[in-house]
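Undergrad: The structure follows.
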Amino acid sequence: MTGAIPSIALVGNPNAGKSSLFNALTGARQKIANYPGVTVERKTGHASFADGRPISLIDLPGTYSMTPASLDEAVTRDVVLGKLDGEKRPDALIVVLDAANLDNHLCFALELLALGLPTVVALNMLDLAARDGLTLDAERLSKELGVPVVPTVAVRKRGLSELLVAVDGAIESHQPRATVAAPANDASLRQRAHAIANAATVDETPVRRWTQRVDNVVLHPVGGLIILVALMFVMFQAVFSWATPFADALEGAIGVIQTWVVGTFPDNFLRGLVVEGLLAGVGAVVVFLPPILFLFFFILLLEASGYMTRAAFLMDGLMGKVGLSGRGFIPLLSSFACAVPGIMATRSIPDEKDRLTTILIAPLMTCSARLPVYTLIIGAFIPATNVGGSPVGLQGLVLFGLFISGIVGALLVALVLRRSVTKGNAAGFMMEMPRYQWPRWNDIVIALWQRAWIFLRRAGTIIAATTVILWLLLTFPQAPAGQSQVEYSVGGRIASGLEVVVAPIGFNHDIALALIPAMAAREVAVSAMATANAIDAGDDEDAMAEALGDRIAGRWSIATALAFLAWFVFAPQCISTIAITRRETNGWKWPLFMVGYLFALAYAAAGITYWTAVAFGLG
Amino acid sequence: MTVLLENVLDRAPLGVMVRIARIDWDAMSEDEGRRLREFGLMEGCEVTPLHRGSIFSRDPLALTVGRMKVIIRARQAAAITVEPAA
């Protein structure tokens, strides 16, 4: 083993606290990628033994047995068997057990032990087991299993160094074990697990569990739903109002940089590119980092506390009516942050038709990339007043309405799809409900940092590139004096062509211009308008100072603004989503279908909104 | 319908522990059956149904089995015959 860094896999049941243990062991030294050929997230990280020798850790998707029910579970099996192409078989396993759920978790542990790899068992979440009145004997468990058992509390970083010492020892002293075959069938495996769990349990006092009282309220057939809707509402209000000061500060900072560049460098091609292209375009998108992080923060909080599965329970009835299952609720809620991780999260849905339908409607969830568009238009056209003297802001209410439109649209589309193109048996819904837990700040901070980084990297690559190309298209050829540069340029002429198609639904030249580059990503619509605005303003300092929102408020009718909002509820303008759909469905058929039906819906929705608004005199 | 409806888990009253007498494995797919067993739902084990559905529907059913709380659909619960726990 000299030279090669030993790779150690963390493996165990869902809800065993694997990811927290992984975070505690690796800290922020993590990398998220995909397994070759599949879109299951591959989380790796670095740690080291006490004497400083480096090790590489890999966090495998949680699963119940070596017989997978879904794509991510299959990855776990293939990795531990060394059967996944391009992925090295781990040198050792850390089997993570929930101390309070030994009976169940030992079944999979026994199957893993039968593989004969160097193995250490982490008896995790001992504190929660104690809360439930359980006292366990780790030594006895170790004797029964024949491998070291280390008690851990990942949250408090307890038992981590002992765990690594045990892993080191297990690799060093490893003799190819006479592999004990796992019991051949489910029943005898269960019996054996049960016997071991009993032997290791010293004391079991029934404790009145407050979690049950919480569930009686939270899962109440009516009250539970009211709580869920209230939570969602508070979440979206908060995203809008709490994040504003941070967004304003970022916007101010970008303005300062722009002024500095203008004042420091001579007026030439490069300065124009940087100020009007990069800073105006990318800056317009980066200011939306705060609301996006707030949204992810709430979603991570719901997930980490154990509430998300309760939400899935409550929504299952409704989702069942349109042929989906409560399991789809979690990917769909993630899609509010971004459809890409949302679509990837569908891999845990076992039923193929159910999964495909969930993928096809995921882009209808109001992802964070729409926030820049929505906030710009809402800020420009909807007054910042409260509704009838209540503390509910009108702007927040409109935003909430747009979210709801996406959800209702998605449910209706699912209903139609499940009766036509994705017809099949009613989907199942079987899921374990995790216990409630206090979210670990450490885990949330790490996850938030990863999201922020992904967003900034996107802003730095796709968005920067499309903005620069757009700037070039809008700058050349130079317009003669007295003519609008944006109208005269190549980009402006292309937009004029598109304007013919979108004029019936109330879209003007500004919008036509923004729609083309927004194919790359929705938020580019905003950066495109910002760039066009900056070029048109030219050296006119008054026009330059005029915010983009004020400018379009003066140029668009309310009907056009509303139609533009309706368009973005549906329009599939995101290259990443189309690409991930192609990968997840193994071909072009479904992504093309998705793009087609979403554009058709977007056109219809924008049109109906525009004509209705005009009929009410808002044109 | 020759099955005695009140004897299936789907009709069992909430909050009362019952023992699983029989599971009609043929009424569900192989995958569903295996996942039930992975949850520990097998003949002879004791479960307590706790929550059933919402205003939208009777689906799904949440129950405790051992120290775990799991969610299944009414369709599977209807294939599980139960008897009073001792």
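Undergrad: Restricting to helices (runs of 4 or more DSSP H) lying wholly in segment A:503-619: which have 3 or more residues that are at pLDDT below 90 and out of contact with any Gly (no Cβ under 6 Å at 6 or more places or on another chain)? Before you say what the answer is, go through the steps one by one.
TA: Working: elements: A:509-515, A:524-537, A:541-545, A:548-555, A:558-570, A:575-585, A:589-615.
Because the criterion is at least 3 residues that are at pLDDT below 90 and out of contact with any Gly (no Cβ under 6 Å at 6 or more places or on another chain), the helices (runs of 4 or more DSSP H) in segment A:503-619 that meet it are A:509-515, A:524-537, A:541-545, A:548-555, A:575-585.
Undergrad: Report the residue count in segment A:3-22 for those that are in a strand (DSSP E or B) and surrounded by fewer than 20 Cβ atoms within 10 Å (Cβ to Cβ). Step through it out loud before you land on a result.
TA: Of segment A:3-22, the ones in a strand (DSSP E or B) are A:7-12.
Next, only the ones that are surrounded by fewer than 20 Cβ atoms within 10 Å (Cβ to Cβ) stay: A:7.
Total meeting the criteria: 1.
Undergrad: Of the residues that sit in segment A:100-130 and are of a type in the set (Gly, Ala, Ser) and facing chain B (nearest Cβ under 10 Å), which one is nearest to residue A:186 (Cα to Cα)?
TA: First, the residues of segment A:100-130 that are of a type in the set (Gly, Ala, Ser): A:100, A:109, A:114, A:116, A:122, A:129-130.
With the extra rule that they be facing chain B (nearest Cβ under 10 Å), the set shrinks to A:100, A:129.
Numbers: A:100: 21, A:129: 26 Å.
Among residues in segment A:100-130 that are of a type in the set (Gly, Ala, Ser) and facing chain B (nearest Cβ under 10 Å), the one nearest to residue A:186 (Cα to Cα) is A:100.
Undergrad: Scanning segment A:579-598 for residues that are of a type outside the set (A, V, I, L, M) and open to solvent by 60 Å² or more (accessible area, probe 1.4 Å), which turns out nearest to residue A:520 (Cα to Cα)? Full working, then the answer.
TA: The initial filter retains those residues of segment A:579-598 that are of a type outside the set (A, V, I, L, M), namely A:581-591, A:593, A:596-597.
Remaining after also requiring open to solvent by 60 Å² or more (accessible area, probe 1.4 Å): A:582-583, A:586, A:588-589, A:593.
Numbers: A:582: 16, A:583: 17, A:586: 21, A:588: 18, A:589: 20, A:593: 18 Å.
Filtering first and then ranking leaves A:582.
Undergrad: Still on this structure: Could you check segment A:206-243 and list, in sequence order, the residues that are without any contact (Cβ under 8 Å) to a residue 40 or more places away in the chain, open to solvent by less than 60 Å² (accessible area, probe 1.4 Å) and farther than 22 Å from residue A:405 by Cα?
TA: Passing the criteria: A:212, A:221, A:223.
Undergrad: Kindly indicate whether residue A:335 is within 21 Å of residue A:585 (Cβ to Cβ), within 14 Å of another protein chain (Cβ to nearest Cβ) and open to solvent by less than 10 Å² (accessible area, probe 1.4 Å). Give the steps one after another, and end with the answer.
TA: Numbers: within 21 Å of residue A:585 (Cβ to Cβ): yes; within 14 Å of another protein chain (Cβ to nearest Cβ): no; open to solvent by less than 10 Å² (accessible area, probe 1.4 Å): yes.
It is false that residue A:335 is within 21 Å of residue A:585 (Cβ to Cβ), within 14 Å of another protein chain (Cβ to nearest Cβ) and open to solvent by less than 10 Å² (accessible area, probe 1.4 Å).
Undergrad: Let me ask something additional. For segment A:145-159, enumerate the residues that are buried (at least 18 other Cβ atoms within 10 Å of the Cβ) and not hydroxyl-bearing (Ser, Thr, Tyr).
TA: Kept after step one, since they are buried (at least 18 other Cβ atoms within 10 Å of the Cβ), are these residues of segment A:145-159: A:145, A:147-155, A:159.
A:145, A:147, A:148, A:149, A:150, A:151, A:153, A:154, A:155, A:159, listed by residue number.
Undergrad: Taking the conditions exactly as written (farther than 23 Å from residue A:518 by Cα, within 14 Å of another protein chain (Cβ to nearest Cβ), outside any helix (DSSP H, G or I) and modelled with pLDDT of 85 or more), does residue A:314 satisfy them or not? Walk me through how you get there before you give the answer.
TA: On the way: farther than 23 Å from residue A:518 by Cα: yes; within 14 Å of another protein chain (Cβ to nearest Cβ): yes; outside any helix (DSSP H, G or I): no; modelled with pLDDT of 85 or more: yes.
Judged against the criteria, residue A:314 is not a match.
Undergrad: While we're here: Any idea which of (1) crowded, with 23+ Cβ neighbours inside 10 Å; (2) within 14 Å of chain B (Cβ to nearest Cβ); (3) at pLDDT 90 or above is the one residue A:77 doesn't satisfy?
TA: Result: residue A:77 fails condition (1) only.
Undergrad: Can you tell me which of A:326, A:306 is within 12 Å of chain B (Cβ to nearest Cβ), under 29 Å from residue A:438 (Cβ atoms) and surrounded by fewer than 22 Cβ atoms within 10 Å (Cβ to Cβ)? Give the derivation first.
TA: Numbers: A:326 fails: surrounded by fewer than 22 Cβ atoms within 10 Å (Cβ to Cβ).
Exactly one of A:326, A:306 is within 12 Å of chain B (Cβ to nearest Cβ), under 29 Å from residue A:438 (Cβ atoms) and surrounded by fewer than 22 Cβ atoms within 10 Å (Cβ to Cβ), namely A:306.
Undergrad: Shifting gears a bit: Taking the condition within 18 Å of residue A:338 (Cα to Cα) and either open to solvent by 40 Å² or more (accessible area, probe 1.4 Å) or not in a helix (DSSP H, G or I) (or both), does residue A:294 pass?
TA: yes
Undergrad: Let me ask you something else. From the list A:397, A:415, exactly one residue is within 14 Å of another protein chain (Cβ to nearest Cβ), open to solvent by 20 Å² or more (accessible area, probe 1.4 Å) and of a type outside the set (Phe, Trp, Tyr). Which is it?
TA: Working: A:397 fails: within 14 Å of another protein chain (Cβ to nearest Cβ).
Answer to the selection: A:415.
Undergrad: Filtering segment A:194-205 down to residues that are away from chain B (no Cβ under 11 Å) and open to solvent by 50 Å² or more (accessible area, probe 1.4 Å), which residue is farthest from residue A:135 (Cα to Cα)?
TA: Here the answer is A:195.
Undergrad: Does any residue of segment A:342-351 turn out to be in contact with a Cys (Cβ under 7 Å, 6 or more places away or on another chain), away from chain B (no Cβ under 14 Å) and buried (at least 24 other Cβ atoms within 10 Å of the Cβ)? Break it down stepwise before answering.
TA: Start the filter on segment A:342-351 by keeping residues that are in contact with a Cys (Cβ under 7 Å, 6 or more places away or on another chain), which leaves none.
No.
Undergrad: Still on this structure, I have one more. List the number of the failed condition for residue A:37; all other conditions in (1) assigned to a loop (DSSP other than H, G, I, E, B); (2) farther than 30 Å from residue A:186 by Cα; (3) modelled with pLDDT of 90 or more hold.
TA: Of everything listed in (1) assigned to a loop (DSSP other than H, G, I, E, B); (2) farther than 30 Å from residue A:186 by Cα; (3) modelled with pLDDT of 90 or more, residue A:37 misses just condition (3).
Yes/no matrix, rows are residues, columns are (1) without any contact (Cβ under 8 Å) to a residue 12 or more places away in the chain; (2) within 30 Å of residue A:133 (Cα to Cα); (3) away from chain A (no Cβ under 12 Å):
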| position | (1), (2), (3) |
| --- | --- |
| B:19 | no, yes, yes |
| B:32 | no, no, no |
| B:37 | yes, yes, no |
| B:41 | no, yes, no |
| B:59 | no, no, no |
| B:65 | no, yes, no |
| B:86 | no, yes, yes |
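Undergrad: Wholly within segment A:75-179, which helices (runs of 4 or more DSSP H) include no fewer than the required count, namely at least 3 residues that are touching a residue at least 24 places away in the same chain (Cβ under 8 Å) and small (Gly, Ala, Ser)?
TA: On the way: elements: A:102-113, A:126-131, A:138-145, A:160-172.
Passing ranges, in order: A:160-172.
Undergrad: Another question, if that's okay. So which residues in segment A:382-411 are within 20 Å of the chain's Cα centre (by Cα) and among the β-branched types (Val, Ile, Thr)?
TA: Result: A:404, A:407.
Undergrad: Then there is this: In segment B:67-84, which residues are touching a residue at least 40 places away in the same chain (Cβ under 8 Å), closer than 25 Å to residue A:204 by Cα and of a type in the set (A, V, I, L, M)?
TA: Taking segment B:67-84 and keeping what is touching a residue at least 40 places away in the same chain (Cβ under 8 Å), we get B:74-84.
The next check asks that each one be closer than 25 Å to residue A:204 by Cα; those that pass are B:84.
Of everything in segment B:67-84, nothing turns out to be touching a residue at least 40 places away in the same chain (Cβ under 8 Å), closer than 25 Å to residue A:204 by Cα and of a type in the set (A, V, I, L, M).
Undergrad: Okay, next question. Look at residue A:63 and say whether it is within 30 Å of residue A:583 (Cβ to Cβ), touching a helix residue (DSSP H, G or I) at 6+ places or on another chain (Cβ under 6 Å), buried (at least 18 other Cβ atoms within 10 Å of the Cβ) and in contact (Cβ under 8 Å) with a residue 40 or more places away in the chain.
TA: On the way: within 30 Å of residue A:583 (Cβ to Cβ): yes; touching a helix residue (DSSP H, G or I) at 6+ places or on another chain (Cβ under 6 Å): yes; buried (at least 18 other Cβ atoms within 10 Å of the Cβ): yes; in contact (Cβ under 8 Å) with a residue 40 or more places away in the chain: yes.
Taking the combined requirement at face value, the residue satisfies it.
Undergrad: Please determine whether any residue of segment A:394-407 is free of Cβ contacts under 8 Å to residues at least 12 places away in the same chain and in a loop (DSSP other than H, G, I, E, B). Break it down into steps so the answer makes sense when it comes.
TA: Quick first cut of segment A:394-407, residues free of Cβ contacts under 8 Å to residues at least 12 places away in the same chain only: A:397, A:401, A:404.
Subset that is in a loop (DSSP other than H, G, I, E, B): none.
Within segment A:394-407 (the criterion being free of Cβ contacts under 8 Å to residues at least 12 places away in the same chain and in a loop (DSSP other than H, G, I, E, B)), the answer is no, since none of the residues qualifies.
Undergrad: Which condition does residue A:273 not pass, out of (1) without any contact (Cβ under 8 Å) to a residue 40 or more places away in the chain; (2) open to solvent by 10 Å² or more (accessible area, probe 1.4 Å); (3) over 30 Å from residue A:440 (Cβ atoms), if it passes all the others?
TA: Of everything listed in (1) without any contact (Cβ under 8 Å) to a residue 40 or more places away in the chain; (2) open to solvent by 10 Å² or more (accessible area, probe 1.4 Å); (3) over 30 Å from residue A:440 (Cβ atoms), residue A:273 misses just condition (1).
The values are calculated or read from the model by the stated rules, or taken from the named source; none is laboratory data. Since the model is a prediction, treat every value here as computed from it, not as a measurement. A quick note on method: Cβ atoms are made from the backbone with ideal geometry, for glycine too, and the neighbour counts reach across all protein chains shown. Remember, those area values only see protein heavy atoms, side chains included, never the ligands or the DNA or RNA. Shrake-Rupley method; radii C 1.70, N 1.55, O 1.52, S 1.80 Å.
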